[in-house]
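Each remark here refers to the structure printed beneath this line.
The values are calculated or read from the model by the stated rules, or taken from the named source; none is laboratory data. Predicted model, so just to flag it, every value in this text is computed and none were measured. Don't worry about glycine lacking a Cβ; one is built from the backbone with ideal geometry, like all the others, and counts go over all protein chains shown. Protein only, heavy atoms only, side chains kept; ligands, DNA and RNA dropped before computing areas. Shrake-Rupley method; radii C 1.70, N 1.55, O 1.52, S 1.80 Å.
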Amino acid sequence: MPSPIGHALGGLLVHAVSAGRAELWNRKRASLLGGLGAAPDLDLLLRYLDGSHHHRAEGHSLGAAIAVGVGTWLAARLGRSARPTALGVAAGCAWLTHVVLDVLGSDSNPPYGVMALWPFSRRYFISPIPLFPDIGRTLTLATVWQNAAAAAWETAVLFPILLAVVCWRERRS
Ligand SMILES: [Zn+2]
């Protein structure tokens with residue numbers, strides 16, 4: 001499964017695709033969507049609340065992405081932000097990039113994959129051919145090197161796509 005770097009790039013990609021003309025270089029919007037791309041892994045912390053495993057479960061799903069989109073839309077409306085619907089849709093899509101990237105990643109911890117279609121299904125989904133290596137959760141030197149290599153690979157795959165989209169958006173504006 002990708003690192004926070006790969007996931008943030010996924011969220012930034014949604015920002016670049018969905019930004020309005022004046023929003024492409026809006027740091028607040030880019031930070032929000034980049035952060036939402038990485039945020040689903042915060043479910044790792046939920047086990048400190050009840051001792052149960054929640055990682056890659058309901059929070060890594062289409063249902064969670066819809067909830068985040070609706071929540072963002074509501075907050076944007078209440079805060080009288082410009083284009084609240086576009087921001088809500090972008091927020092949900094940024095969350096969804098995390099789910100898709102995790103499905104495309106290798107996983108060495110059961111249950112393998114993510115509960116991508118919750119609440120419609122509790123099945124875990126994972127690609128038979130992983131595009132991204134797994135991220136280790138220990139602090140050994142070997143794991144640090146493995147994670148650095150994984151993050152470099154994610155950047156090599158995702159950053160050129162982000163750059164191409166930004167250049168394309170710049171040319172159109
Ligand atoms: Zn994840």
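What the Cα atoms of the stretch 28-110 give is an Rg and a Dmax of 13.8, 44 Å. Amide hydrogen proximity for PHE125: with H placed 1.01 Å from N in the peptide plane, the residues at 5 or more positions away or on another chain lying under 5 Å are VAL114, MET115, ALA116.
For a paramagnetic label modelled on ARG77 (point 7 Å from Cα along Cα→Cβ), amide N atoms under 13 Å away belong, within the stretch 89-107, to 89. PHE125 exposes around 50 Å² of accessible area when a 1.4 Å probe is run over every protein chain in place.
Hey, what number do you get for the chain at 222 nm if only DSSP H runs of n ≥ 4 count, each worth -39500 (n - 2.57), divided across all residues, to the nearest 500? Could you put the intermediate results ahead of the total?
Values: 6 runs with 100 residues, N = 173.
The helix-only estimate for the chain comes to -19500 deg cm²/dmol at 222 nm.
Remark on PHE132: its backbone amide H falls under 5 Å from those of GLY105, SER106, a criterion applied only to residues 5 or more positions apart or on other chains, H modelled at 1.01 Å from N. Assuming charge only on the beta carbon of Lys and Arg (+1) and of Asp and Glu (-1), the dipole of the stretch 1-143 about its Cα centre is about 580 debye to the nearest 20.
Surface analysis of the stretch 34-173 yields an accessible area of 59 Å² per residue, using protein heavy atoms and a 1.4 Å probe.
With an 8 Å cut-off on Cα pairs and a minimum separation of 6 or more residues, tell me the relative contact order of the chain in percent.
Averaging sequence separation for qualifying contacts and normalising by length gives 29 percent for the chain.
A P(r) calculated from all alpha carbon pairs of the stretch 17-171, with 5 Å bins opening at zero, reads 2, 9, 14, 19, 19, 16, 12, 7, 2, 0, 0 percent. Sites count as exposed loop sites when they are trypsin sites (Lys or Arg not before Pro), lie in a DSSP loop, and have at most 15 other Cβ atoms within 10 angstrom; the longest stretch of the chain without one is 22-79. For the chain, the fraction of 1.4 Å probe accessible surface lying on carbon and sulfur atoms is 69 percent.
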